[in-house]
Each structure stands twice: as structure tokens, then as C-alpha cells.
Amino acid sequence: MSTVSELKASGHIWSLHDQASPGTVLSTGFAELDQLLAGGFPAHTVIELHSPIGIGELRLLLPCLTRSQASSQLLVLINPPMLIGSQMLQAAGLAVEQVLVLQPASAQDALWAAEQCLKSGCCGSVVLWQSTLSIAQLKRLQLCAQHGMASLFIFRGQQQSQLLLPIALSLQVSPALQGVKVQVLKRRGGWPMAPVLVDMTARWPRLAVQNAAANSALVLSHSA
Amino acid sequence: MASLWLYLHFPALQLDSLFQSPHQPAPQKLSHPPLAAPEPSPPPLCLLDAGTFLIKQLNTAAQQQGIKAGMTLSMASALCHDLQVLPYQAEQELQYLQQIAALLYQISADIALDPPCALWLRIEPMLALYGGLAAYLGTLSQHITALQLQTRMAVAHSAAAAQLLCFSQPGFVSDDPALITAALHHCPLHHCQLQSTGSGQKILQQLQAMGINSLGQLLAIPRSELSRRFSAEVIIILDQLTGDRPTVSQFYQPPEQFCQSLELLYQLEHSQQLQAPLGYLLQLLQNYLQLRDQHCYQLQLRLELRDHPPLVLSLQSACGEYQQGRWLTLFQLKLQQLKLPAPLLKMQLSAGQTTARDGDNLLLFGARSQGATADAGTTVTKAEVLRLRSLLAAKLGAERVQQPQLFADHRPELANAAHGSDLITGVGALAANVQQHQSNHIPSDLQQLRQNRLYLPPQLQAANPSPPVTLPLRPGMLLARPVPLRMQLQLQPGLERIQTGWWDQNQVQRDYYIGRNNQGQWCWAFKNTSGWYLQGYFA
């Protein structure tokens, strides 16, 4: 019994009725995902997403980012792997003049910039592309996010076989024909659930394969 | 009302300023034992005139040892074996005098410099404002005691008379004409301006030989007699003393631009050490701006290094700042990256453009109260956003803080180009002063296209969470330039042809397809006459 209470005190295990009611959540804009995450992304904290680039991972966040940019708050994109398309931002309903794209020289600078943006209180959400993150860095970012009431989304590439961080929400995003498949790796106050398919057909009909067999025009590169 | 002048003399201006300015730990610098006594009295210290090798200024500790101004160095060092000697620098003293004038300009309108270490203040116009000499002097002495300088002053009816009184009877303060005249009449002549010139000294000797030692005796002699016996010099000086001839030709005018430099007594080698002296300069800037109710957007710090060309750091703040602390934070970020190639000798801070401050509309109860959700009507002040941008630009470099832009062009490379955010244009306050070099790295055709910038009011965009139907589907991530396609794509039905740019050198004719590759990435690829290219990903 004492071992259990020790473990409880150290936060390694928890029981369901101890868990305080989940804090505010931000709706993801996708019904399936909201259901999976019990309402949406937890607000004012750090959320990590393990995802390959270009499968629709940014589109997964767009509804949430658009909403958090309301009341003239900034959206800051730090260290994106490529040029961010302004036309896409505009089409998603984001105010382009309230978006900042930072390209820091080092990972250290990127983390510093993320902290500053989160702390400042004028950013609704910050998106950071960074593969490595230590526990200490994460804690700092979490405190900043809490202080500035902002959300940080970290894109971390494919999941490496490393210790899971004490993070509020960790998602694995993988490609699917109609959108993306989302699996919860870790959710504070949650338990493992089957991955869900987030259907993006309604929002982006052209970015979904309706009928895999019907149109199979293959293109080969010239050099091949 | 008869004119009234106050002469303010700082007998040891440079010496006092060494101890006074917050950045110069002078006792430590002079190898004074730091743990000698709980209240260490300063060591005997004097300033030596490098030209004449005579003692120019000295502190009280040195005075107690029997040293006097005007002694030779050998005599002074014989009197006191541990005397510290520093070179006298007239320019530095003059600069400090100007600082004092700038400070006193707030309480007195007419100030004239008497280099190297004295000021004239014409006070009779100010008396009506302050309500009498006593009240005026009270305000004045408040400011002067704050400076912690040795000060002597005197009041008289003319500038020259005030000067004479200050030297002969320091501390004589009265606006009673009879008292002033009596005091003046007792002034010994050798304090007079005549002392300073060679011919004047000869005249003084002549006067002394005649038994005339005080000014009263000289004034008693009729002018016609004097002009017959002596050169015009005596008449001029007498006229100046009586106020018939002006002594002061030019009054102090505060500088239009802020520019202050600081000579360091010791050479700094690490950029972290710069903070304290920089803080002092920024404090001066804050005083300057605060008095004018202004703020500035851009500062330049010029660092003069030993045997090395000077380094110039320029710093921008998007929202305009005047507070020392805010500028210091920005500078700290900049200085962290700075490596001094050679020891630092001198630093100069100048403020390029200052503008009137319109009240910061800060929220009273913090920007966002705890518990309020993002869409509960909380607002973010513009100043906060600009401040964040200045902070990021200072640390990361302005070119790394980019602002996505929309341009009215169908070519994706041009329509989506982001560029380094120009902090100052972002404000729109100094549009005329936009740095042109910022736009140099943008292709020239793009610059032309800037005029065609798309304008969509932000309210319209914010109010439409669902994508408007008219906007075409565009990828979230674009490659810097299209690369040849080297993968298999499963194409989606439909294509989009972009054929444009026939009017400039960048003509394109492309058929755009959306395709999905084996990894599940959604690609935006196009085909033109030379083959297939990858443009971006629908991330």
C-alpha cells in the first residue's frame, strides 16, 4: 500500500477519480479528433506531434490555429522546414499580417524564441519544428505557455525510440488516403485508445483519394 | 528690472565626475584596496595638466596633505607619497559641462557656457516664474547637489561681475543692488579677468604700483583718466563688470539629436562588461527623451576599439522606446552575440530619429486575465506585439524574423514570398525613413510587384473561418525553388494551368497537378516544356 501511495505522490501513477477535471480545451475542428481527445487539444500547454512532413499535419492544426489567432493575437511559426505558403494561410482564414515566421540560426535560439513568444502574452499559438527536446526544456516551455496563455505545437518528425516526455499530449500522425491517421501516444488524464482516421475530405476534397482504383495515373520522373 | 546673473563654477569638474558617474568604480580602478575600511575615504587624487605639468584639480584628501592647485608635480609628490595622478582632459570636462547645462536647462532658460568648468545663468527672467531669488536658488541647488560636485556660485548684476564675485567671495548670493555693489567694491583686482592675459597682468602690476588693489578704487577713477593711462582692455573689462558691455554672446542650445559618448578609463575586453556603462548612457537617453516626451525607434552604438576600426551596432525597436530598461534588454541580446575583436576604449550612443510619444495604451489589469479563453474578447495591444517583434529581431537578427506576404501574382514563388520584417515600416510611423537596403535581397521583379499587393481587410479574413470558395487550393509548404520531380505520384484528377509573366523576364507556363506519393505526402507538382517539377507539399 505504501508503495502505491509513494508512486502516487511522485506522480508516476494516478487514479481516475484523483484527476482534476480537464482544463480548458481547444476544439480541433475535427469531430473525430475532438472525440478522441475528450473535447480537443488541451489549452495553454505544449503538444507534440510526431509526423512526417507534407502529409497534412499542418492542415490538422489549421482550424485550431485560426481560432486561436482571434482577438488580434499572433501566430508564430518557428523553424518551418520549408517556405510557408501565405496563400494557404489566407485560404485557411488566418490573418497573414498576424503571422510571424522565424528562422533562428540554432535550435537553442529556436527554443529561446518559442519561450519569448509564449511568455509575451500576445501569441495565441506557436508552432515549432524541432526534433530534439529535453525534459528541462519542455518544462520551461510549459511554464511559459501557461504564463502567456498560449499553446505550443511541436512537430518532432518520426518518433524516435526515446523516453516519453512528461507532456500533456503526444500524437502520432501518419498518412491516410482520406486525411491523416492520428494515434494518441500519451495524453494526461487519458488512456490508450485505438487510432482514428481524421477525415479531411470535407475541407479539402481534392486532397483525399476518393476511389483508389479509379484514377491511377502514374508519373515517372525523367531521370528514373 | 536690472539684470541678474549667476555664475556657477565647478572647481574640480573632471575629478568629481570620475567618482560621480555610476559606471566608473574609480577607487577600484586606482588599485585602492577594496576591503580597506567599511567607509573607505578616497585616496589623495589629482589631475595633472599634461602641457604645463602643474596640478589642475585635486580632491579633499589631497588638499589635506597640503597640496594646492598650481603646484608642480614634483612638489606635490614630495608632500604626499601615495598621490594618484590622472591626466586632465579638457574635452571630457567640456562634455560634462554640457551635460550639466542640459540638465539645468530644465530649470533655467538662459545658460551660457564658460569653458572649461563654469556656467552663467541669467536668472532675472526666471525670478518671476519661481517667485523670488530664494525659491529659484532652492530649486537650483536641489539639482546641483544631486550631481555631487564641488560647486561655487555668486550672483551679481552682470555676467563678469558674477564671475569676479564667485572667485573672490564664493557663495555671495543676494539680489540687493547695494549689497552687490559693496561686495564688488571690495573685490581684489587680482581675481579679475585681467589675470588671464599677459598684457592684463602688466596692467595689474601697474595698478598695484599706483596703490589700486580693489575694484572699488578702480571704479572711483574717472573713465577718461583711465583710458588715457591704460589700454582699452581695462575699459572693456570695467564695462563688462558694470554690465554696459555684454560678456556672454551665445546662450546654450540643447542638442537637436541625442548623442553622448563615454570614454572608459579602463579597457573592456568582454562584451558582457559593456552593460554597466551602456546602462549609464541609456539612462541619459531616457532623461533626454523623457523631458521631451519623445521616444525613439533606432539607436546606434559606436564602439571605438584599440588599434581596430570602430564597431557600429544599430538597434531597432518596433514600437518606439524611451525606457532605459527596455533598451538595455534589447542591447543585451545583441551584445550576447558580440565578440570584441580588440579592447574597447570609448562608446558613443546616438539616437537617430526621435518622435513624439503618443500614450502607450497598456491595459490596466494585465493583458490577459487568468482563466479567460482566447476567444473571450481579450485583446492584445499593438505595443505588446511590436515589443515582441523588436525582441525577436534583436536576438535573432531582423532578417530571420519574417512576415508572410501576399502578392497579386499567379506564380507561387512570387505570391507567397516572405521577407524579413522591416520593423520600422511595420509601424508605419517612419515610412519616409525606410531603409532601402532591406529590399535589396528581394528580386527586382518582386519589388515591382509590391505595388500590386493584395489587400484584404483583416476583419473579413477573421470573420471567415471556412475557406472562401474563390481562393484556389495552395500548399502550406513551398520549396524555395521548384526541383525536378524524382518520385512517383498518384495524380488527382484535374489540373490548373498557370500561364503568366509574359510582361517580365519570368514567363511561366505550367500545368499544376496534385499528387500523392508513396510516403503519403501530398505534393504540388507541375509540368512545363522541360519536364516535371515539384513545387511544394500540402502539409
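The values are calculated or read from the model by the stated rules, or taken from the named source; none is laboratory data. Small disclaimer: the values here were computed from a predicted structure and weren't measured. Note that we place each Cβ from the backbone using ideal geometry, even for glycine, and neighbour counts take in every protein chain shown.
Checking the conditions here, which among B:101, B:69 is in contact with a strand residue (DSSP E or B) (Cβ under 7 Å, 6 or more places away or on another chain), crowded, with 19+ Cβ neighbours inside 10 Å and among the small types (Gly, Ala, Ser)?
B:101
With respect to the conditions (1) free of Cβ contacts under 8 Å to residues at least 24 places away in the same chain; (2) of a type in the set (S, T, N, Q); (3) surrounded by 20 or more Cβ atoms within 10 Å (Cβ to Cβ), residue B:108 lacks only one, and its number is (1). Residues in segment B:111-124 that are assigned to a strand (DSSP E or B), crowded, with 19+ Cβ neighbours inside 10 Å and not small (Gly, Ala, Ser): B:111, B:119, B:120, B:121, B:122.
Residue count for segment B:182-196 under the criterion of being under 30 Å from residue B:138 (Cα atoms) and either touching a strand residue (DSSP E or B) at 6+ places or on another chain (Cβ under 7 Å) or surrounded by 16 or more Cβ atoms within 10 Å (Cβ to Cβ) (or both): the result is 9.
If you filter segment B:319-361 down to residues that are in a strand (DSSP E or B) and over 22 Å from residue B:293 (Cα atoms), you find that the one that is nearest to the chain's Cα centre (by Cα) is B:348.
Does any residue of segment A:133-143 turn out to be within 11 Å of chain B (Cβ to nearest Cβ), in contact (Cβ under 8 Å) with a residue 24 or more places away in the chain and crowded, with 23+ Cβ neighbours inside 10 Å? No, segment A:133-143 contains no residue that is within 11 Å of chain B (Cβ to nearest Cβ), in contact (Cβ under 8 Å) with a residue 24 or more places away in the chain and crowded, with 23+ Cβ neighbours inside 10 Å. Does segment B:330-347 include one or more residues that are modelled with pLDDT under 80 and either closer than 21 Å to residue A:122 by Cβ or touching a Pro at 6+ places or on another chain (Cβ under 7 Å) (or both)? Taking every residue of segment B:330-347 in turn, none turns out to be modelled with pLDDT under 80 and either closer than 21 Å to residue A:122 by Cβ or touching a Pro at 6+ places or on another chain (Cβ under 7 Å) (or both). Of the strands (runs of 3 or more DSSP E) lying entirely inside segment A:21-107, those carrying at least 3 residues that are more than 22 Å from residue A:207 (Cα to Cα), out of contact with any Gly (no Cβ under 7 Å at 6 or more places or on another chain) and facing another protein chain (nearest Cβ under 7 Å) are A:99-102. Picking from residues in segment B:116-136 that are aliphatic (A, V, I, L, M) and touching a residue at least 40 places away in the same chain (Cβ under 8 Å), the one that is farthest from residue B:8 (Cα to Cα) is B:127. Only one of these conditions is not met by residue B:63: (1) part of a helix (DSSP H, G or I); (2) modelled with pLDDT under 85; (3) within 30 Å of the chain's Cα centre (by Cα). Which number is it? Tallying (1) part of a helix (DSSP H, G or I); (2) modelled with pLDDT under 85; (3) within 30 Å of the chain's Cα centre (by Cα), residue B:63 fails exactly one: (3). Among the residues of segment A:184-200, those identified as part of a loop (DSSP other than H, G, I, E, B), away from chain B (no Cβ under 12 Å) and either modelled with pLDDT of 85 or more or over 20 Å from the mean Cα position of the chain (by Cα) (or both) are A:194, A:195.
Among the residues of segment B:227-259, which ones are under 22 Å from residue B:180 (Cβ atoms) and without any contact (Cβ under 8 Å) to a residue 60 or more places away in the chain?
Those that are under 22 Å from residue B:180 (Cβ atoms) and without any contact (Cβ under 8 Å) to a residue 60 or more places away in the chain: B:234, B:235, B:236, B:238, B:239, B:244, B:245.
Inspect all residues belonging to segment B:268-282 and state whether any of them is among the aromatic types (Phe, Trp, Tyr) and outside the structural domain of residue B:350 (by TED's automatic domain parsing). No. Might you check whether a residue that is buried (at least 18 other Cβ atoms within 10 Å of the Cβ) and at the interface with another protein chain (Cβ under 8 Å from one of its Cβ atoms) occurs anywhere in segment A:162-173? Within segment A:162-173, not a single residue is buried (at least 18 other Cβ atoms within 10 Å of the Cβ) and at the interface with another protein chain (Cβ under 8 Å from one of its Cβ atoms). Would you check if there is a residue in segment B:197-213 being at pLDDT 80 or above, touching a strand residue (DSSP E or B) at 6+ places or on another chain (Cβ under 8 Å) and surrounded by 14 or more Cβ atoms within 10 Å (Cβ to Cβ)? Yes, segment B:197-213 has at least one match.
Taken over segment B:228-257, the residue count meeting the criterion of being over 51 Å from the mean Cα position of the chain (by Cα) and surrounded by 12 or more Cβ atoms within 10 Å (Cβ to Cβ) is 1.
May I ask you to say which residue of B:311, B:330, B:301 is within 19 Å of residue B:263 (Cα to Cα), in contact with a helix residue (DSSP H, G or I) (Cβ under 8 Å, 6 or more places away or on another chain) and hydrophobic (A, V, I, L, M, F, W, C)?
The conditions single out B:301.
So which residues in segment A:121-132 are assigned to a loop (DSSP other than H, G, I, E, B) and more than 9 Å from chain B (Cβ to nearest Cβ)? Matches in segment A:121-132: A:130, A:131, A:132.
Candidates A:115, A:97: the one that is without any contact (Cβ under 8 Å) to a residue 60 or more places away in the chain, within 17 Å of residue A:133 (Cβ to Cβ) and among the charged types (D, E, K, R) is A:115. Annotation note: of A:118, A:111, the sole residue that is touching a Ser or Thr at 6+ places or on another chain (Cβ under 9 Å), more than 9 Å from every other protein chain (Cβ to nearest Cβ) and outside any loop (DSSP other than H, G, I, E, B) is A:118.
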